[in-house]
Structures are given as structure tokens and as C-alpha cells.
């Protein structure tokens with residue numbers, strides 16, 4: 001595999017190596033988990049706010 | 001002699017003298033609870049037009065991908081998924097479809113929670129969702145334990161203290177690889193898929209929950225009025 005191809009198909013972020021953690025008092029969470037929770041919140045809010053266009057068929 | 005009408009048989013209408021048979025009783029129950037028009041409906045209420053409803057379907061799509069990739073992994077085994085490029089790809093496919101499964105399921109859960117989707121005799125629908133979520137967490141844990149790498153060893157030695165503290169370590173031994181693998185590829189997938197099917201059938205049987213503002217102020221009065 002060429003270096004260019006490896007760059008394209010590889011992860012956008014290098015996930016190899018020790019994880020990064022955030023400490024806040026007794027709360028400890030990995031950056032990866034925090035990012036996923038943030039994405040879920042953003043997706044949830046978007047799902048509520050973005051209008052759903054339908055092509056009839058509903059009663 | 002009773003004449004048997006083939007059309008009646010195919011329509012599920014039995015003979016009066018067969019009404020006491022268990023087959024007739026089960027068929028009657030299913031026809032009352034889930035008539036074909038409700039099982040596979042052509043139309044849905046207008047309030048279903050929301051992106052929130054997409055996430056339940058996306059969860060099932062991710063689950064199908066989890067089962068498919070997991071099936072391929074079980075056919076080939078650990079030496080394949082650790083060493084070959086195709087094996088690594090399918091292993092990653094299994095991991096990321098699980099990530100998406102939980103992602104979509106949590107968004108679906110939040111949506112249903114804020115809709116109070118257990119209203120209108122839909123408590124069992126809600127609870128089957130809860131049980132699926134819990135079974136999925138178990139499937140996730142046993143999946144991490146079944147990787148056959150140092151990560152799995154580390155997680156198992158960390159998890160054993162928690163499991164022992166709960167008092168079930170003798171029955172659910174996270175250090176027992178064979179037991180964890182069986183839970184992961186047999187018991188928990190069966191539970192997740194079976195309860196998901198039940199969950200969907202309950203949604204079909206009872207319909208999706210109407211918005212709170214469309215619900216009668218006093219359900220008891222509404223029922224009495226409806227009967228009167």
C-alpha cells in the first residue's frame with residue numbers, strides 16, 4: 001500500500017497510543033467517549049430542529 | 001359432514017367446532033393483536049414525520065451489520081481477524097457497527113424519553129427497549145473480553161472486581177474466556193435480537209405514541225366517553 005493510499009484509507013486521527021483523559025474532580029472520562037457523547041447530543045438536537053419533509057402518504 | 005372452505009382456511013377462519021384448539025386460540029389472538037394491516041401498515045399518523053423516528057430504524061440497521069460481521073468473524077476465528085488485512089477490516093466493521101448501534105440507540109432513547117413514550121399502555125414497549133439496552137451492554141462487555149488480545153485480558157481483570165462486588169462472579173466469570181465467548185456469540189445476541197423483534201411488534205400492535213398535546217386531558221373520562 002502506498003503512503004498516499006494509506007493516508008486516505010487510514011483513520012483521520014491517529015488512534016494508536018495511550019488514550020487521553022479529562023479529569024474534573026472525581027469525574028474522569030476519556031476524550032474519545034466525551035467526543036461521542038457530544039456528537040450524540042448534537043445529532044439529537046439536529047434531529048429535533050431539522051424539518052422532516054414528507055411526500056404525502058400520511059393520514 | 002362439515003365442508004371446509006379453502007378461502008376461509010387461508011383467511012385464518014377456522015371451523016366453529018375447532019374453536020377450542022390451541023392453534024385456533026393462538027391464531028385468534030394474533031389476528032386480534034396484530035392484523036396484517038397493522039403489522040405492515042401503508043400509512044402512519046402525521047406526527048411520525050420527524051427525524052427522531054429514523055433512529056430506531058438506524059439502530060436495527062446497525063444491529064444487522066453487527067450480526068453479519070460477527071457471523072463472519074465466528075466463521076474464521078481469531079488468527080484470521082488478528083493477522084489478515086481482510087480479517088482486520090471485518091473486525092473493524094464489527095466494532096464500528098457496534099459503535100453506531102449504541103449511538104443510534106441512545107439518540108432513539110433520548111427521543112422516546114422526552115416524548116414520554118410509555119404513555120397509553122406502552123409500558124411494555126418501553127421496558128423491552130430498556131432490556132435490549134441492558135443486554136446490549138452485556139454483549140459489548142463480553143465482546144471486549146472475546147478479542148483474544150492484551151486489551152481483553154486487561155478489561156477482564158478490571159471487570160472481575162466489579163462483578164465480584166455485585167456478587168455474581170461465580171456465575172458470570174469474566175476471567176473464563178470460554179464462558180464469555182458463549183455469552184457473546186450465543187445467549188446475548190439471541191436475547192438482543194429476540195427482544196428487538198418483540199419491541200417492534202409491540203410498536204406495531206400499539207402504534208407510536210401521540211404528542212402530549214394531542215392526548216386527552218383525562219384518559220379515564222375519554223375511555224368512559226368512548227364506551228358511552
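The values are calculated or read from the model by the stated rules, or taken from the named source; none is laboratory data. No experiment lies behind these values; they were computed from the predicted model shown. When we count neighbours, we look across all protein chains shown, and the Cβ atoms used for this are built from the backbone with ideal geometry, even at glycine.
Can you find a residue that is modelled with pLDDT of 85 or more and more than 12 Å from chain B (Cβ to nearest Cβ) anywhere in segment A:37-58? Looking through segment A:37-58, none of the residues is modelled with pLDDT of 85 or more and more than 12 Å from chain B (Cβ to nearest Cβ).
For (1) within 26 Å of residue B:176 (Cβ to Cβ); (2) in the same structural domain as residue B:62 (by TED's automatic domain parsing); (3) surrounded by fewer than 19 Cβ atoms within 10 Å (Cβ to Cβ), each residue gets a yes or a no:
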| residue | (1), (2), (3) |
| --- | --- |
| B:75 | yes, yes, yes |
| B:86 | no, yes, yes |
| B:105 | no, yes, no |
| B:111 | no, yes, no |
| B:136 | yes, no, no |
| B:149 | yes, no, yes |
| B:156 | yes, no, no |
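What do you reckon, is residue B:58 away from every other protein chain (no Cβ under 14 Å) and either surrounded by 13 or more Cβ atoms within 10 Å (Cβ to Cβ) or in contact with a strand residue (DSSP E or B) (Cβ under 7 Å, 6 or more places away or on another chain) (or both)? It is false that residue B:58 is away from every other protein chain (no Cβ under 14 Å) and either surrounded by 13 or more Cβ atoms within 10 Å (Cβ to Cβ) or in contact with a strand residue (DSSP E or B) (Cβ under 7 Å, 6 or more places away or on another chain) (or both).
All conditions but one from (1) farther than 25 Å from residue B:202 by Cα; (2) in contact with a helix residue (DSSP H, G or I) (Cβ under 7 Å, 6 or more places away or on another chain) apply to residue B:34; the one that does not is (1). Among the residues of segment A:14-32, just one is part of a helix (DSSP H, G or I) and either within 11 Å of chain B (Cβ to nearest Cβ) or over 29 Å from residue B:54 (Cα atoms) (or both), namely A:32. When B:118, B:126, B:154, B:110 are checked against the criterion of being assigned to a helix (DSSP H, G or I), more than 14 Å from chain A (Cβ to nearest Cβ) and either under 30 Å from residue B:79 (Cα atoms) or out of contact with any strand residue (DSSP E or B) (no Cβ under 7 Å at 6 or more places or on another chain) (or both), B:126 stands alone in meeting it. Note on segment B:138-151: residues that are assigned to a helix (DSSP H, G or I) and in contact (Cβ under 8 Å) with a residue 40 or more places away in the chain amount to 5.
Note on segment B:1-83: enclosed helices (runs of 4 or more DSSP H) holding 2 or more residues that are at pLDDT 90 or above and within 30 Å of residue B:107 (Cα to Cα) are B:54-76.
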